[in-house]
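I have placed the structure first, in the form of structure tokens, so that the comments after it can refer back to it.
Bear in mind that the values in this text are calculations on the coordinates, not laboratory data. Keep in mind it's a predicted model, so treat the numbers as computed, not measured. Please note: Cβ atoms are built from the backbone with ideal geometry, for glycine as well, and neighbour counts cover all protein chains shown.
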Amino acid sequence: MMRFLLLFSRQGKLRLQKWFTPIPEREKKKIIREMTTMVLARQPRSCNFLHWKDLKIIYKRYASLYFCLAIENHENELLALEVIHRYVELLDKYFGNVCELDIIFNFEKAYFILDEFLLGGEIQETSKQIVNRCIESSDMLQEYYCEGETDFPGTWRKL
Amino acid sequence: MLQRFVNTSNAMSPSVPLQEMIRAIRSARTQCEERGVIQRECAAIRAQFRQADNGGRSHNLAKLLYVHMLGYPAHFGQMECVRMIASPRYSEKRVGYLGAMMLLDEKQDASLLITNSIKNDLSHSNQYVQSLALCTLACMGSAEMCRDLAPEIDRLLRASNSYIKKKAALCAVHIVRKVHDLGELFAPAARSLLAEKNHGVLHGAVVLITELCERNPETLERFRKTVPDLVQIMKGLVISGYSPEHDVAGISDPFLQVRILRLLRILGRNNEAASDAMNDLLAQVATNTDSTKTVGNAVLYETVLTVLDIKSESGLRVLAVNILGRFLLNNDRNIRYIAMTSLQRIVGTDHNAVQRHRGTIVDCLKDQDASVKRRALELSLALVSATNIRSMMKELLLFLSSCPLELRAQAASGIFNAAERYAPSQRWHIDTILHVLTTAGGDVRDETVPNLIQLITNTSELHCYTVHKLYRALLSDISQQSLVQVACWCIGEYGDLLLRGECQETEPVQVTEDDVLDALETVLQSHMSAPATRGFALTATMKLSTRITDNVDRIRSIVSIYGSCIDVELQQRAVEYNALFKKYDHMRAAVLERMPVIEKNSPGHTNGESTREAVKEVQPAKVKQAETLLPQQPASQVCDLLDLLGGSEEPLQPNPAVGSTLPVLPVSTSSTAGGDLLDLLGGLEPTPLTPAPTVTVYEKGGVTLTLSSEKQSDSGLTVTLTACNSTDSDISSFTLQAAVPKSVQLHMKAPSGDSLPARGAAKVTQMVALSNPNKVNLKMRIRISYTSQGSAFQDTVQVDSFPEH
């Protein structure tokens, strides 16, 4: 399974953190520091895989953001790179030419998208279109009821 | 200003209050200013939380979550999350659940409070609300929550739409990870999910089944029946035409393919029938998958791992290793890296197959990337053998001279091990070690110095060559401590050979006594020399007093100068040596004569308590070092251990050494004055050795097999097996074979013999060197075969625990 996903800028500022196992707050901060230090120190054309404790760290840089995914030792590193890429594609489709600012100012949406793609440290949906459609529907649900109505249409179903 | 963030085609409208706050924080110019902004905002948020529902609750919580991500405390938002989750509004639920996942974890009390909400939302009429509950449960569900909600999840697994089913499957995975027993509950539903067409559900089902099989062997047995179904699904993915919904660079749903391959691996492991059933499919995937993009290689990689782990037929295995070979030549560094990690895993079992790619692997030693270099080093060391030792060593030494610092210690010790095992000649061995010491002397382990000294003493025909070489090395560089120590020791021991000038193996060089003493004095006086090194140099100088003729006075004066040295260790030595010159001059020759050949450490020796201590004492070394002077490595020559293992009382005799007839006298480095020398002279009787603990592992038909083990290093163990025959007839063709768990490396040394005479007249011993780098539970299966009275016997015994030395 995947253990955590971190997004941080070239200056080491955290933009998103998703933890797939329960970890105390202090420990999380420590891990974030270690990850940012380790990844930012890597040479430009290095291998995208690192070893850290008993995990494999897969990282990839997209423009000004580093995506850092920790997987267990028996997982497929090359597929992890594809997972990262898929998430970036989903963000890109949603925001339209996504950039770091989009993720800063709409971080909660970045989480919502992530939560439709991954779940409990595993891949939840392998189709890009389905994820996009679900996010759209949830957004519409939220929009539609922002006006103050308090109950849901019982038959609102869309896939 | 807000235009930038307003609706793109499908994004929902942004939260204005949230974005205003984010901008305010970002425009702060200093950390202090930022803190100020955040404090103000948090105060406002707290106030808002206390107020009644004002429609802006979700914005407030979102603000708090942003602040939390910047690293500021946000625990006061926990209860707000709980309230929001219970809200009937979807927008509030959404942010509430997000907040719960970010701020709460199973250890906090507040998390218990949301259990009820989750339970209710799991059966909500709207699937997006159900989805929120499922997501949160799978993210942070505690064991209790899991137990509570498991039946509900099972229900959702069976009767809901695909959207919910796929999430329920992964929830079930989380539940099983938290509460192992609940696996049984989900097995039937998991089985039926394999018939679904929806890829999301299929993927979830495969993950769930994998989890169940990994945890419970019985469940694994039952799920073996699904292999044909899985093969069918895989075939569908591989052969099917273009499917826009799941296509990634020409591969149809690579994520699902990889998960199915992994499940097949688990089901096919150790099972012929299952492995057969998947053989064709694996061959098809291996040959048909497009390997031009990473995604194709990801699938190929998983296929290779599966082929190598199940009971595949040899043709398929060869195909897999060849794919790895192709990966090694790939331009993409990532691919080369994983090729090497995979080859590393099979270098023990498919050694010859991996050897074929040795050239490429050695080339990777020159790669720019540190991770690739590391893998290449490990793999290269694993591929060293008696046939390729010379060429491999050239490459490894080249690597050592330019490798990154963090790899040097590993490279140096790997080279030493390889040299020890496969050295084609003594001279080559010594040359290699000297080369390493010159290049990376600072990174070698402490035992290297005594090991090398011992190796040199044993190679008496090369003493002249060695001392010349070391002298030259000393002249050029005195900064590498280990090298300098060995050089000083040799010059002290074999200085006479150095002065003789002639040497068969190297060009002769004229060395005068003054030259030699100059060199040693340089070491003594240099600020680069460590205290231990100076000790070596001083003792070497002293030893030369019996090997040179003209400059004894010079030595006398050096020694007396150091009699008032600030360094206590040096001072003590100098005082003792002074005493040797004055009061005990008649003993000087005997005390300082040539060292006998030191026997390599064999089980049965305890460091610091054996007679070897007497031999070691004359070595110039710190007291602590004296105890570890005996090399820790297992003997490469077969030692006659019959006497030692039985815990016999026979005193050890030092082996006859060059020119020595008297046993060496112990000189304790902890004695305070020259007077004590006299007392120690009386204690010439060697003490009996304390033998290593032995365990009887086999006793049948008159044949007894005992085992003793000694730890050589963190992952190395030397095991000695001793066999004895108590019957009335002789036993012949006695052989032992051993097998160990997969990741453990085994090296059986030659046995002492193959016949066991009757009535325990003689024993057979065999040493086995084990290396357990992964620290797995060490077990060994031993097969005993022999012939007695014309019939052949064979038996097997398993050893589960090893007596620790």
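Within 10 Å of each Cβ in peptide B:242-252, how many partner chain Cβ atoms are there on average? Round it to a whole number, please. Don't skip to the answer; put the middle values down first.
On the way: counts 0, 1, 3, 5, 5, 2, 6, 1, 0, 1, 1.
The shielding value for this peptide is 2.
When only Cα pairs under 8 Å and 6 or more residues apart are kept, what is the percent relative contact order across the stretch B:205-269? If you can, show how the numbers build up before the last one.
Numbers: 39 pairs, mean separation 27.0, N = 65.
Computed value for the stretch B:205-269: 41 percent relative contact order.
Using a basic spin-label model with each label point 7 Å from the Cα along Cα→Cβ, how many nm lie between B:GLU406 and A:ARG26?
It works out to 2.7 nm between the two label points.
Per residue of A:86-92, what is the mean number of Cβ atoms on other protein chains within 10 angstrom of that residue's Cβ?
1
Specify whether the C-alpha gyration tensor of chain B places it in the rounded, prolate or oblate class, a ≥ b ≥ c being the square roots of the eigenvalues: rounded for a/c under 1.5, otherwise prolate if a/b is larger than b/c and oblate if not.
prolate
Ranked highest first by the average count of other Cβ atoms within 10 Å around their residues, in what order do B:304-311, B:152-159 fall?
B:304-311, B:152-159
Per-residue Cβ counts within 10 Å, from other chains only, averaged over A:104-116: what number is that? Present the calculation step by step, with values, prior to reporting the outcome.
Details: counts 7, 11, 9, 7, 13, 4, 0, 6, 6, 0, 1, 12, 4.
So the per-residue partner count for this stretch is 6.
Sort the protein assembly as shown into rounded, prolate or oblate with this rule: let a ≥ b ≥ c be the square roots of the eigenvalues of the Cα gyration tensor; rounded if a/c is under 1.5, and if a/c is not under 1.5, prolate when a/b is larger than b/c, oblate otherwise. Each step should come with its number before you reach the end.
Working: a/c = 2.60, a/b = 1.85, b/c = 1.40.
It is prolate, given that a/c is not under 1.5 and a/b is the larger ratio.
Taking the Cα atoms only, what angle lies between the long axis of helix A:128-144 and the longest principal axis of chain A, rounded to 10 degrees?
50
Per-residue HN-Hα couplings for the stretch B:263-279, Karplus 6.51 cos²θ - 1.76 cosθ + 1.60 at θ = phi - 60°, whole Hz, x for Gly and Pro?
Values, residue by residue: 5, 4, 4, 5, 6, x, 4, 6, 9, 4, 4, 4, 4, 4, 4, 9, 4 Hz.
Calculate one ³J(HN,Hα) per residue across the stretch B:235-240 by plugging θ = phi - 60° into the Karplus curve 6.51 cos²θ - 1.76 cosθ + 1.60, and present them in order as whole Hz with x for glycine and proline.
For the stretch B:235-240, the Karplus-derived couplings read 4, x, 5, 6, 8, 4 Hz, x marking Gly and Pro.
Which net charge results when you count Lys and Arg as +1 and Asp and Glu as -1 among the other residues whose beta-carbon is under 11 Å from that of A:TYR94?
Once all neighbours under 11 Å are counted, the net charge is -3.
Excluding B:VAL559 itself, calculate the net charge of residues whose Cβ lies under 12 Å from the Cβ of B:VAL559, where each Lys or Arg counts +1 and each Asp or Glu counts -1. Intermediate results must be reported in sequence, preceding the final value.
Values: positive: B:LYS543, B:ARG554, B:ARG556, B:ARG573, B:LYS582, B:ARG588; negative: B:GLU521, B:ASP553, B:GLU576.
In short, +3.
Under a GNM of chain A (C-alpha, springs under 10 Å), which listed residue has the highest mean-square fluctuation: A:ASP92, A:ASP139, A:ASP102?
A:ASP139
Whole-Hz Karplus ³J(HN,Hα) for the stretch B:245-250, in order, using 6.51 cos²θ - 1.76 cosθ + 1.60 and θ = phi - 60°, x for Gly and Pro?
These are the phi-based 3J(HN,Hα) values: 5, 10, 6, 10, 6, x Hz.
Taking amide H positions as placed 1.01 Å from N in the peptide plane, with prolines and chain starts having none, which residues 5 or more places from B:TYR698, or on another chain, fall under 5 Å of its amide H?
For B:TYR698, the qualifying residues are B:LEU705.
How high is the relative contact order of chain B, in percent, counting Cα pairs under 8 Å that sit 6 or more residues apart? List each step's numbers first, then the result.
Values: 1151 pairs, mean separation 36.0, N = 805.
This gives 4 percent for chain B.
Rounded, prolate or oblate: which one fits the stretch B:351-464, using the alpha carbon gyration tensor with axes a ≥ b ≥ c (rounded when a/c is under 1.5, else prolate when a/b beats b/c, else oblate)?
Oblate shape, in that a/c is at least 1.5 and b/c is the bigger or equal ratio.
So, in Å, what gap is there between the alpha-carbon centers of the stretch B:203-233 and the stretch A:18-67?
32
Kindly provide the helix-only [θ] at 222 nm of chain B, computed as the sum of -39,500 (n - 2.57) over DSSP H runs of four or more divided by all residues, to the nearest 500 deg cm²/dmol?
Computed ellipticity for chain B at 222 nm equals -17500 deg cm²/dmol.
Among residues other than B:GLN789 whose Cβ falls under 14 Å from its Cβ, what is the net charge (Lys/Arg +1, Asp/Glu -1)?
Net charge in that neighbourhood comes out at -2.
Relative contact order for the stretch B:221-321: what percent, with Cα pairs under 8 Å and sequence separation of 6 or more?
30
Can you list residues from other chains, or at least 5 along the same chain, whose modelled amide H is less than 5 Å from the amide H of B:VAL248?
Distant-sequence amide H within range of B:VAL248: B:ASP253.
Got a sec? How would A:TYR59, B:TYR337 order by Cβ neighbour count within 10 Å, fewest to most?
A:TYR59, B:TYR337
Give me the angle, in degrees from 0 to 90, between the Cα long axis of helix A:25-40 and the longest principal axis of the Cα atoms of chain A, rounded to the nearest 10.
Between the helix axis and the principal axis of chain A, the angle is about 60 degrees.
Using modelled backbone amide H atoms (1.01 Å from N, in-plane), which distant-in-sequence or interchain residues come within less than 5 Å of B:VAL799's amide H?
HN-HN under 5 Å from B:VAL799: B:MET780, B:ARG781, B:ILE782.
Quick one: helix A:107-117 against the long Cα principal axis of chain A, what's the angle to the nearest 10°, folded into 0 to 90?
90
If the cut-off is 20 Å between C-alpha atoms, which lysines fall inside it for B:LYS583, apart from same-chain ones fewer than 8 positions away?
Reachable lysines: B:LYS543.
Quote to one decimal, in nm, the extra length available between B:ASP518 and B:ASP795 on full extension: 0.36 nm per residue of separation minus the C-alpha distance between them.
Extra length from B:ASP518 to B:ASP795 when fully extended: 93.2 nm.
Can you spot the lysines whose alpha carbon is less than 23 Å from B:LYS394's alpha carbon? Ignore those fewer than 8 places along the same chain.
Correct list for B:LYS394: B:LYS366, B:LYS373, B:LYS469.
Most mobile of A:LEU55, A:LEU91, A:LEU141 per a Gaussian network model of chain A (Cα springs, under 10 Å)?
Maximum among the listed residues: A:LEU141.
So for each of A:13-25, B:118-130, A:42-54 I average, over its residues, the number of other beta carbons within 10 Å; can you give me the resulting order with the highest mean first?
Averaged packing, sorted descending, gives the order B:118-130, A:13-25, A:42-54.
Cβ neighbours within 10 Å, averaged per peptide: list B:239-250, B:181-192 in order, most packed at the top.
B:181-192, B:239-250
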